[in-house]
1. Put one equal scatterer on each alpha carbon of the range 42-179, apply the Debye formula with no solvent term, and list log10 I(q)/I(0) at q = 0.17, 0.18 1/Å to two decimals.
2. For the peptides 244-257, 52-65, what is the packing order when you average, over each peptide's residues, the other Cβ atoms within 10 Å and list the highest mean first?
3. Suppose a student asked you for the relative contact order of the chain, using Cα pairs under 8 Å spaced at least 6 residues apart; what percent would you report?
4. Could you check the simple spin-label distance between Ala96 and Asp185, using points 7 Å along Cα→Cβ, in nm with one decimal?
5. Hey, which aspartates and glutamates would be in cross-link range of Lys335, C-alpha to C-alpha under 16 Å, not counting anything within fewer than 8 residues on its own chain?
6. Working only with C-alpha atoms, what are the Rg and Dmax values of the chain, expressed in angstrom?
7. So what does the Cα-only Debye profile of the range 281-325 read at q = 0.20, 0.21, 0.26, 0.31 Å⁻¹, as log10 I(q)/I(0), no solvent term?
8. What does the highest-first list of 328-338, 167-177 look like by mean Cβ count within 10 Å?
Amino acid sequence: MKKISLFFIIILYYMASINAQNADHLFMVGEAIKAPSGHNTQPWLFRISDDAIQILPNYDKSLPVVDPDNRELFISLGCAAENLRIAASHKGYAAALDISEEGIITVNLTKDASVEVDSLFWQIAVRQTNRSIYNGQMVSADTINLLKRVFDESPVNAYFYEKGTAEFDSIANYVVMGNVLQMQDKAFKKELRSWMRFNKKHQDEMNDGLSYAVFGAPNLPKFIVKPILSKAVNEKSQNKGDKKKIASSSHFVLLTTASNTCEEWIKLGIILERFLLKSTRLGIIHAYMNQPNEVSHLSAAMAETLNISDEHPTILLRIGYGEKMPYSKRMPVEKVILNE
Ligand SMILES: Cc1cc2nc3c(=O)[nH]c(=O)nc-3n(C[C@H](O)[C@H](O)[C@H](O)COP(=O)(O)O)c2cc1C
């Protein structure tokens, strides 16, 4: 009898520890998907096993027009991987990352009492892309130096261009040229519109895409908002808005890679997310101005102007200070977990 009860106690203990582990894994995936992604496509899938979580590309969510090489897709996976690693530390797991040639990220997890909790964990839910007009306050040189340290020992180069410099103005011109080219491209506009979510009902049905709310638009019936937002997708209004937004910012931050490979894009995503979380902790807000990087001849011309022609400009951000904006939505966790 004693033997049988001991057997049941062991089984119960084993099941409880499996459940706890599953809950930890689900928690980590839940934090991973708070990462940014191009057009908020959330192009990831997760495969959970006992001691690892794999992050796989979901090509159904690719953006063939704006991102034909899936470069921004893999950057987004890198951002998700960094969130996952940070969330793992919060739950007491050491996380070791492995990146395959096809861009599958395996995060190997080991419960380890000596793991140091990453203090950036608390910023995962606070970070947001903020496309508003900023308040014009400059980020101090000391703070910029602090932010630059994120890129120490990283394969990614980061350049900071302060407002008022010739380089800042040149980059602003490349953004304008990028808008002109992209807004003249019917396929680009069609793809962008297909990811716009026009009111609360539409946003809550889809849980992805670019919501009316993050652009500061009111929640109105779709038949009113759709033509207004769709009409705003043109070079004139885009450039008018972007010029104001750029003028209200403090710096451009340009991230480059050396050889434009899938592994580098993922590594760039990892360091980008760290940079975004660290700047969020410092009260700095950010938005992407990636237009010049998305048009290959503009990207090459911009690199030449900035004297970095042997590098690939990959992510361009503006940073500064301002008010918070509404948060964008995410798919429920169970929709991104592979059940095989
Ligand atoms: C690789 C990458 C490229 C992006 N490019 C742009 C861009 O050019 N313009 C823009 O407004 N947002 C861009 N974004 C921001 C996404 O639209 C944003 O992350 C997404 O809508 C989710 O919102 P959140 O960052 O506030 O969570 C980009 C994000 C990533 C990861």
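Every number here is computed from the coordinates shown, using simple stated rules; none is lab data. These numbers were taken from a predicted model, which means no experiment stands behind them. Cβ sites come from the backbone with ideal geometry, for glycine too, and all protein chains shown count toward neighbours.
1. -1.21, -1.28
2. Descending mean neighbour count gives 244-257, 52-65.
3. 25 percent
4. Those two pseudo-labels are separated by 4.1 nm.
5. Once the sequence-local aspartates and glutamates are set aside, what remains near Lys335 is Glu31, Asp60, Asp204, Glu205, Asp208.
6. Cα only, the chain: 21.5, 83 Å (Rg, Dmax).
7. Listed by q, the Debye log ratios stand at -0.67, -0.70, -0.85, -1.06.
8. The densest-packed peptide leads the list: 167-177, 328-338.
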